[in-house]
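Colleague: Quick one: the structure is below, and I'll ask about it shortly.
Read-outs: derived from the displayed coordinates by stated rules, not from any lab. These numbers come from a predicted model, not from an experiment. Quick reminder, even Gly has a Cβ in these numbers, built from the backbone with ideal geometry, and neighbours come from all protein chains shown.
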Amino acid sequence: MKLLDYLPLRPGDPGEPRLRADVVAVVTMAVVAAVAARLVLPASDHELVVIAGAVFAAELLTFPLADGTALPAWIAPLLPLVAGADAGTVAAVVVATQLLALPVLWRDAGRAAPLRVVQRLAGALAAWGAYRLTVHAVGAGGVALTLPALGAAAAVAVLTEVAGRRLAGLRPFGAAGGYEAALAQASSGVLMALALLPDTPGTRMGVWGLALFAIPLLGARYAYGRLQAIRHAYDQTIVVLSGLPEHGGYVRPGHPARVAALCIEIGRRMGLSATELDDLERAALLHSVGYVTLDPARGEEADGGEVSRATAAMLVGAEGLSRPAGIVAAVPLPYRAPEVSLARQERVAAQILKVASAYEDATGGDDRRAADALEALYSAPGYLYDPRVLGTLERILDRRGVPVGA
Amino acid sequence: MAGTSTTPRMQRLYLALVAVAAAVAAAVAARDGVPAPGVFATFAALALGAELVSVRLPNGATASALLVPVMGSFVVLGHEGAALAGGLVAGIGGIYLPDLRRGRFDRVLFNCAQLLLSGVAAAAVFSAVGQGDTLGRLVLATLPAGMAFLVVNVALLVPMLVLATGRPARGFLADLNPIHVQYVPFAVTGAALGWLVHGTGLVVVPFVAVPVVVARHTFSSYLALKNAHEGTLRVLVRALETKDPYTAGHVERVARYSRYIGEELGLSEVRQERLRYAALMHDVGKLVVANHLLNKPDLLTPAEYDEVRRHESVSVEVLGRIDFLRPIAKAASPLYARYDSRPDARSDPIEPYVIVVADAYDAMTSTRAYRRALPQEIAFEELRRHAGTQFHPVCVEALIRALERRDERHGAGYEDEIVLFDSPPPVRGTGSAGLGDLASTDTSR
């Protein structure tokens, strides 16, 4: 059975207040821009003012990405702007709206805000250049001409965003889920630009196209907001779970968090993918949570294998935690054990976790004990610790300037 | 047995009725003209895609963008074959490939027929209202047309659901209420798309599909992560129950009673969800208390009592570290959440008081290591006696009202599961994690 009216927007859901704020911001900007246009400008410039309003509103309509950063919807209104204005107007509109949005920029980007203004200006001018070049190269008229030109402008705009993120040292755009958001923005922008095309008399939508084709984009933004809210709650729940052994006094305060940070560093250097790193991080945060199900009277004496088994048993049934559970379960295994039931990546992750946890146990977060700790790990018997992981750890400590022995 | 054998026959009869009505409606609509094949094929493909990427919501309903191609075809075709095209485009939405793979042809046929009727009804309303050729008029005309679509859709669907499940129609109507403004964005987007296609050609169609597909993809990631979050909460609940077998089911029951109270109080869905998470986590601090103390049948020594009470502060701290639970973190401590402990209790969020009442009720009506379950009447009496001091009076009355309306009985004689004891717990006494300070109030008086 299906029912078609039951859309994801349900009253009172988390994320909805944000959507409402977005809609209010966009509508307010459109109204203000329309009123300003009516009062100040001659008839031919109304559309430009509304587009400028959309460029400003788009800075407030941000798509939250997986790495905690946000992608403002700036690519969508940029396309009608570059399709209909000369370079000077594009630059003026972008600079003016960026200055107006500076308080918001400052809140989101802090000291990087001026850099972002420059990045926007460069991106807009590059997109304008790409649009004009393509028009010049194709040389035909109508939609057939406009579509490739809009595509080129959108591609260049996305490239400047990618470059800007790289300059700012953020996680790669793709890993943060940015390309999907950029694609949705670019598609809506193409529709907005086509709605403003001058050579479709009688059926031209004009600036109403901006409002109407913002609707699918708002829908996508809503889904991003929901995803962000639940991601946040989920991460925090994991962190809360990971803190239980500390509260019970079974492990040193901060142990799970430090182990997780070290695991991420080792895992990244050993070439684990983003998903594998996420699983490894969860496994590291939760690796000692099994203490709480053991009898605490003898919690301190419980051996590592017992805790790992208890932790894995706790996590294994939970959706989303089965891979971390597998990693924790594999921790007690020697690194050369012929364990066929595990994927190779899970075994690698388990060896990383074992080394990181043992190193953290030995140093207690104090790098001055690093040399002794490493020495002890290297000389552990019976293929306990994977020498490749130990080597990576040693290189990481070396880069940090930690003395790692003779 | 008679009932189960007639129901499939009734279902088949109803299916045949709807199918015949759909065929007649299509024949009548065809007299208004036949749509241009290129336009029709494009929008039909869009309808097929819209259904294929539809999302199944947690409540079992489906969210899809079918109204976009339906409304789009109305606008593009104007009066030339719009009724037939709209009906057929909608009807094609019934071809849901997973149903076909599972061999549920009856389901596909029913969905095609009922959606075709919905589409033809929407086309009739659209052509009645949408006379004229300005963008504004067309956009406005999609609103009553979309409403007509949904009303027919629900009206045809609910009888089938009733026949198939035997559950009363009222429940389905509450879930599938067509009077939701949420169809508006899809209908309006469809009109805008149709207008643009009219001006610039079918090449623009994919550009509307992209944001919808991105939204859908993101929304299913959201649903998957929500499941993972629930799974993590179940890890907590399970761990609690392994540790303290006497509280088996306690956390889930507190969550259920909290929901009852929340429904009586008319809390919004977002607050109900937050209440549920807080109820599931309210005892999380118990995980750090030693097993033998939780299950001790005798009186606790003062030191042991402090140790057991420590779980409350751990719970409060833990809940406070989760952003969206922070406002109600003190729910984890009956001491903080005493109704009379705060002069401004009326302006506080009510959730902590809800959980305290639900927790106390379940503690009294279930058997613990130190006491057998009390009868429901005694539990109600205790709750009412401490309403206004320990408990929020509104929550107490809401819980009693909700339980009486549902005719639910808990407590002595109505326990969920029989627990076997090494040494039977005493019959009297009210001390427990949930009622700890109720007991101390009693002795001080």
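Colleague: In debye to the nearest 20, how big a dipole does the range A:187-294 give about its Cα centre with +1 on each Lys and Arg Cβ and -1 on each Asp and Glu Cβ?
Modeller: Charge dipole, the range A:187-294, about its Cα centre: 160 debye, nearest 20.
Colleague: I've got another one for you. Could you check the spin-label model distance between B:Arg409 and B:Glu263? Points 7 Å from the Cα along Cα→Cβ, value in nm.
Modeller: 2.1
Colleague: Under the Karplus relation 6.51 cos²θ - 1.76 cosθ + 1.60, θ = phi - 60°, what is the ordered set of whole-Hz ³J(HN,Hα) values for the range B:188-205, x standing for Gly and Pro?
Modeller: 5, 4, x, 4, 4, 4, x, 4, 5, 4, 4, x, 10, x, 5, 4, 7, 3
Colleague: Sticking with this one: Count the net charge of all other residues whose Cβ sits under 15 Å from the Cβ of A:Arg166, scoring Lys and Arg as +1 and Asp and Glu as -1.
Modeller: Once positives and negatives cancel, what remains is +1.
Colleague: Whose amide H sits under 5 Å from the amide H of A:Leu71, counting only residues 5 or more places off or on another chain, with H placed in the peptide plane?
Modeller: For A:Leu71, whose amide H was placed from the backbone, the distant partners under 5 Å are A:Phe63, A:Leu65.
Colleague: Can you work out ³J(HN,Hα) from phi for every residue in the range A:246-251, in order, using Karplus 6.51 cos²θ - 1.76 cosθ + 1.60 and θ = phi - 60°, giving whole Hz and x for Gly and Pro?
Modeller: Each residue of the range A:246-251 in turn: 5, 4, x, x, 8, 10 Hz.
Colleague: Over every pair of different alpha-carbon atoms in the range A:65-214, take the mean of 1/r and invert it; report that Kirkwood radius in Å. Write out the running numbers ahead of the final one.
Modeller: Values: mean 1/r = 0.0630 Å⁻¹.
Final number for the Kirkwood radius of the range A:65-214 is 15.9 Å.
Colleague: Please compute one quarter of the surface area of the Cα convex hull for the range B:352-398 and express it in square nanometres.
Modeller: Details: hull surface 12.6 nm².
Hull-based average projected area comes out at 3.2 nm².
Colleague: Can you pull a Stokes-Einstein diffusion coefficient for the range A:76-151 at 4 °C (1.567 mPa s), Rh from Kirkwood over Cα pairs, as a whole number of µm²/s?
Modeller: 97
Colleague: Average projected area of the Cα convex hull of the range B:106-248, in nm²?
Modeller: 13.0
Colleague: Moving on. Largest first and in whole Å, what are the equivalent-ellipsoid semi-axes of the range B:61-139 based on the Cα gyration tensor, each being the root of 5 times an eigenvalue?
Modeller: Square roots of five times the eigenvalues give 28, 11, 9 Å.
Colleague: Let me ask something additional. How big is the Rg/Rh ratio for the range B:229-314, C-alpha atoms only, Rh by Kirkwood, two decimals?
Modeller: On the Cα set of the range B:229-314, Rg over Rh gives 1.04.
Colleague: First measure r as the distance between the Cβ atoms of A:Val138 and A:Leu159, then evaluate 1/(1 + (r/R0)^6) with R0 = 25 Å and state the FRET efficiency to the nearest 0.05.
Modeller: My answer for the efficiency is 0.80.
Colleague: Let me ask something else. B:Val34 to B:Leu13: FRET efficiency via 1/(1 + (r/R0)^6), r the Cβ-Cβ distance, R0 45 Å, to the nearest 0.05? Could the numbers behind the result be given before it?
Modeller: Values: r = 32 Å, r/R0 = 0.71.
Calculated transfer efficiency: 0.90.
Colleague: If the chain between A:Asp303 and A:Arg369 were fully stretched, how many nm would it gain, using 0.36 nm times the residue separation less the Cα-Cα distance?
Modeller: Full extension of this stretch gives 21.5 nm more.
Colleague: Arrange B:Leu109, A:Leu280 by Cβ neighbour counts within 10 Å, fewest through most, would you?
Modeller: With the sparsest Cβ surroundings first, the list reads B:Leu109, A:Leu280.
Colleague: Across the range A:257-274, in residue order, what do the Karplus-derived ³J(HN,Hα) couplings come to in whole Hz, using 6.51 cos²θ - 1.76 cosθ + 1.60 with θ = phi - 60° and x for Gly and Pro?
Modeller: Result, ordered by residue: 5, 5, 4, 4, 4, 5, 4, 4, 5, 5, x, 5, 5, 8, x, 6, 6, 4 Hz.
Colleague: If you don't mind, another one. Going by how many other beta carbons lie within 10 Å of each one, how would you line up A:Met205, B:Met71, B:Met281, fewest first?
Modeller: On the way: A:Met205 22, B:Met71 34, B:Met281 26.
Ranked by crowding around the Cβ, least crowded first: A:Met205, B:Met281, B:Met71.
Colleague: Cα-based Rg (one decimal) and Dmax (whole number) for the range A:112-158, in Å?
Modeller: 12.5, 42
Colleague: Then there is this: Sort B:Val235, A:Val104, A:Val404, B:Val208 so the one with the fewest other Cβ atoms within 10 Å of its own Cβ comes first. Walk me through the numbers before you get to the answer.
Modeller: Numbers: B:Val235 22, A:Val104 15, A:Val404 18, B:Val208 27.
Listing B:Val235, A:Val104, A:Val404, B:Val208 from fewest to most nearby Cβ atoms yields A:Val104, A:Val404, B:Val235, B:Val208.
Colleague: Taking N as the number of residues in the range A:137-222, what is its alpha-carbon radius of gyration divided by 2.2 N^0.38 Å?
Modeller: Relative to the rule-of-thumb radius for its length, the range A:137-222 sits at 1.27.
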